[in-house]
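This report concerns only the one structure given below.
The values are calculated or read from the model by the stated rules, or taken from the named source; none is laboratory data. Just so it is clear, the structure is predicted and the values come from calculations on it, not from any experiment. Note: ideal-geometry Cβ built from the backbone for every residue, glycine included; neighbour counts use all protein chains shown. Quick note on the areas: whole protein, heavy atoms, side chains included, nothing else; ligands and nucleic acids left out. Shrake-Rupley method; radii C 1.70, N 1.55, O 1.52, S 1.80 Å.
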Amino acid sequence: MSILLNPGPVNLSERVRQALLQPDLCHREPEFALLQNSIRRRLLEIYALPEDEWAAILLTGSGTAAMESMLTSLVPEDGKVLIIENGVYGERLSEIARIHRMEHVSLHHDWGEKIQTDRLMEILQSINNITHVAVVHHETTTGRLNDLAVIARLCRSYEIQLLVDGVSSFGAEAFNFTNWNISACAATANKCLHGVPGTSFVIVRRDALGKSNTTCHRTLYLDLPTYLKNQDANGTPYTQSVQTLYALAEALLEHEEEGGWQTRHQTYWRRMDIVRDGLQTLGIQPLMAREECSCVLNAFHLPDGMSYETLHDKLKEAGFVIYAGQGGLARSLFRISCMGAITEQDMQRFVNVMKSLLSNKIVLPR
Ligand SMILES: *Cc1c(COP(=O)(O)O)cnc(C)c1O
C-alpha cells in the first residue's frame, strides 16, 4: 500500500478502517442518532467549545460542500462578504459567492503571498456595509498558514463576522474560536482528523446562524439552518453517509486518545521537519520559511532538471504518492503533506528514496 503524502484523503489507521465494517444501519433509527450526536459532541470538544453556544453540523460531501454551505447559510441576503484570496481555496470561496450571486468583494493576492493587513484595513474603512470576512486558514495551495489572529482583530474592531475555511487545519492547528470572533468554520473528516472522505462539517456559533436564518434560503441541500434544526432533534434532513460516520467516530476517539490537536500538531511537525531537513541536505529548498507554514503541508521547489511527472512516477514506484503544485505552480513545485496514519520512519524512508533518485539522476547520461 502506498504512503499518501497528498493533502487528503489520508492513510487510515487499522482501527478506522475496521470501523467501516460495523453493522448496516438506517439513518432514521435511534442508533444513528447516538452515532451522530457523539460525533457532533466530539468535534466541539477538540477546541473545548460549549454545546449551548456552538454546534457542529454534519454534511455528506467533501470539504467544498462545507465551504459552500457556510457561505450561503451565514451571509444573509442583505449581507456583503469580503473574501481574502491568496491561493486556490480563497479563490474558490469567491467563485461560490459569484455563482450564488452574493454581494461580495475579493481582496486578491498572488498565490502564497502573505495577506496584506493594511489593504484589508483600507477596504474595511472605505466600504462600510461589509458584514462578513471569509478567509482560508491554511492555504493548501502553498502551505501558507494565514494569520487569523491579526485578521480577527480587525474584524472585531469593525464588528464584522469571520468565516473560516479550516478544511486543512481543523484538528491540527490552533483555533481560538472565541477570541478570534469566528462565526463559522468549514472542515472535513478526511484531512487532519484522519477519517474517510465523504463527510464534512461546519462549526457554527449558534447565534450567528440564527441571525442569518431569514425566510430566504439560497440552497436546499446545503442549507445549514435546516441541518441544525434536524440534527438538534436527533435527525437528519437527508441520508447521511453512515459508514463514513462510523469511521469518523473512531478517528475522533483516536484523535482524543492521542492527545488532541496539540499532539497532532507536534506529530505533524516532527514528520515535516524530517522532510524539510532531509531535502535541504539534498539541495531541495522549501517554498517558505518554517514559521510561515502549517504543520500539515509544505511546498518544495522541484529538483533542478526534473519534471514533476518524473518525480511523481519514480516516487510512486517506490511507494510514495506526492502532490503537484496547482495551476502554474505545477511546473515549479511539489507538495508534501504529513497527515494520516504514517510514521516518522516513513518520512525518513521518503528522504532516503529522494536521495537515491537524485544521485541516480546525476550519474545518468543526458
Ligand atoms: C481540501 C481543501 C478543501 C476542500 O476540498 P475537497 O476536495 O472538496 O475536499 C477546501 N479548502 C482547503 C483549504 C482544502 O485544503
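A few remarks follow.
- From the options His132, His104, His137, residue that is within 14 Å of the ligand (Cβ to nearest atom) and in contact with a helix residue (DSSP H, G or I) (Cβ under 8 Å, 6 or more places away or on another chain): His137
- Residue in region 198-211 that is farther than 23 Å from Pro225 by Cα, more than 14 Å from the ligand (Cβ to nearest atom) and modelled with pLDDT of 95 or more present: no
- Just one of the listed residues (Gly305, Gly340, Gly325) is crowded, with 20+ Cβ neighbours inside 10 Å and at pLDDT below 95, and it is Gly325.
- Flag for Glu122 being loosely packed, with under 14 Cβ neighbours inside 10 Å, without any contact (Cβ under 8 Å) to a residue 12 or more places away in the chain and under 20 Å from Met70 (Cβ atoms): no
The rows are residues; the columns are (1) within 15 Å of the ligand (Cβ to nearest atom); (2) of a type outside the set (Gly, Ala, Ser); (3) open to solvent by 10 Å² or more (accessible area, probe 1.4 Å).
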{"position": "Ile46", "(1), (2), (3)": "no, yes, yes"}
{"position": "Ala55", "(1), (2), (3)": "no, no, no"}
{"position": "Ser62", "(1), (2), (3)": "yes, no, yes"}
{"position": "Ala66", "(1), (2), (3)": "yes, no, no"}
{"position": "Met70", "(1), (2), (3)": "yes, yes, no"}
{"position": "Asn86", "(1), (2), (3)": "yes, yes, no"}
{"position": "Ser94", "(1), (2), (3)": "yes, no, no"}
{"position": "Arg98", "(1), (2), (3)": "no, yes, yes"}
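Each row is one residue, and each column tells you yes or no for (1) assigned to a loop (DSSP other than H, G, I, E, B); (2) touching a Phe, Trp or Tyr at 6+ places or on another chain (Cβ under 6 Å).
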| residue | (1), (2) |
| --- | --- |
| Leu44 | no, yes |
| Pro50 | yes, no |
| Ala55 | no, no |
| Leu58 | no, yes |
| Ala65 | no, no |
| Ser73 | no, no |
| Glu77 | yes, no |
| Ile96 | no, no |
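- If you go through region 288-328 and keep only what is more than 25 Å from the chain's Cα centre (by Cα) and among the acidic types (Asp, Glu), you end up with Asp304, Glu309, Asp313, Glu317.
- Exclusive hit being hydrophobic (A, V, I, L, M, F, W, C) and over 18 Å from the mean Cα position of the chain (by Cα), set Leu35, Leu5: Leu35
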